[in-house]
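Heads up: the structure comes next, in structure tokens.
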Amino acid sequence: MAMPAPWPDGTEIIELPVDELGMRILWYLVDQGGGRKSRGRQDFIEEKTLAVHKARQQSARRMTAMYSYEALRAEPDVARALSEAWEWLATEELIAVDAVARGVSEQAGTDPFFVTRWGTEVAAEGDKGLDITRARRRLGLELHPGLKHLLAKLVRVGAFEQAAFTALREIEQRVRTMAGEPKGKTGGTLRGEPLMTEAFKIGGVLADPEAEPAEQQGQMNLFKGAFAAFRNALGHTSIEFDDPIEAAEVVLFADLLMRQLDHVENRLAQTAGRE
């Protein structure tokens, strides 16, 4: 694949955020065959650190014999930045230890690796790949139990837009069930904004009668807004999120709404218990 960005120089290696440097390494590894031609992590770090030190010597118009282990001592910040970024790649499941290569006798004592299937997919997204990993990290939080089981696989494969659609669909179904399956004037099933209006309007089944009218209105608008701004758009296949982080934030918004429904459900149960 063509590198979306050039390999960084020594100063950039030190100054780039860990995940951005990690993506540069990922692109480089994929471009070099996915790591299958390399002996391992340490070789990579030593090679790149030595290259930085040689470039700096050339800039200073001096050149001495240099071994890779000496370069590590001469450029510790570069070597450590590369090591941090490598660990980030492993944590994000973009690279993994190559058990096959490790089992071959001539590879004994090294740390061979390969770019994972997920890493290959992320790298193929170019500049968008970093946003995909950041969105996935956002959704690595503990989601509401009512969403976690539905979204786990979608999040794992990076299908964030589908995860957002599914999360809001689950909110809609739960509101409908809690509100007693309300019908519209023509007898049809209420969906989206009309459902939220009916359920949470002042005096509505899910509205808190002890809350101030403005608070009741605010809660209704919170749920209506989610469906006006996101659910309706996601329901049209021609509309897509350009930013996977935005789609991840919609999932987290749905998580908040699901937790708000927990409070409503608990309040309704307490009210029923007093009657």
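Before moving on, here are some points about what is shown:
- Pairs where the first residue, in the stretch 233-259, is among the aliphatic types (A, V, I, L, M) and modelled with pLDDT of 85 or more and the second is exposed (fewer than 14 other Cβ atoms within 10 Å of the Cβ) and outside any helix (DSSP H, G or I), C-beta under 8 Å, 6+ apart: LEU252/LEU141
- The residues on offer are VAL52, VAL30, and the sole one that is of a type in the set (Val, Ile, Thr), in a helix (DSSP H, G or I), crowded, with 21+ Cβ neighbours inside 10 Å and at pLDDT below 95 is VAL52.
- Annotation note: Cβ proximity below 7 Å between a residue of the stretch 123-139 that is within 19 Å of VAL250 (Cα to Cα) and a residue that is of a type in the set (Asp, Glu) and buried (at least 20 other Cβ atoms within 10 Å of the Cβ) (sequence gap 6+ or interchain) occurs for THR133/GLU92.
- Single unsatisfied condition, ALA164 versus (1) closer than 16 Å to ALA247 by Cβ; (2) surrounded by fewer than 16 Cβ atoms within 10 Å (Cβ to Cβ); (3) not basic (Lys, Arg): (2)
- Count of the stretch 204-230 residues which are modelled with pLDDT of 90 or more and farther than 22 Å from ASP262 by Cβ: 2
- Residue within the stretch 99-110 that is in the same structural domain as ASP31 (by TED's automatic domain parsing), in contact with a helix residue (DSSP H, G or I) (Cβ under 9 Å, 6 or more places away or on another chain), surrounded by fewer than 18 Cβ atoms within 10 Å (Cβ to Cβ) and assigned to a loop (DSSP other than H, G, I, E, B) present: yes
The values are calculated or read from the model by the stated rules, or taken from the named source; none is laboratory data. Since the structure is predicted, the reported quantities are computational estimates derived from the model, not experimental observations. Reconstructed Cβ throughout: ideal geometry from the backbone, glycine too, with neighbour counts over all protein chains shown.
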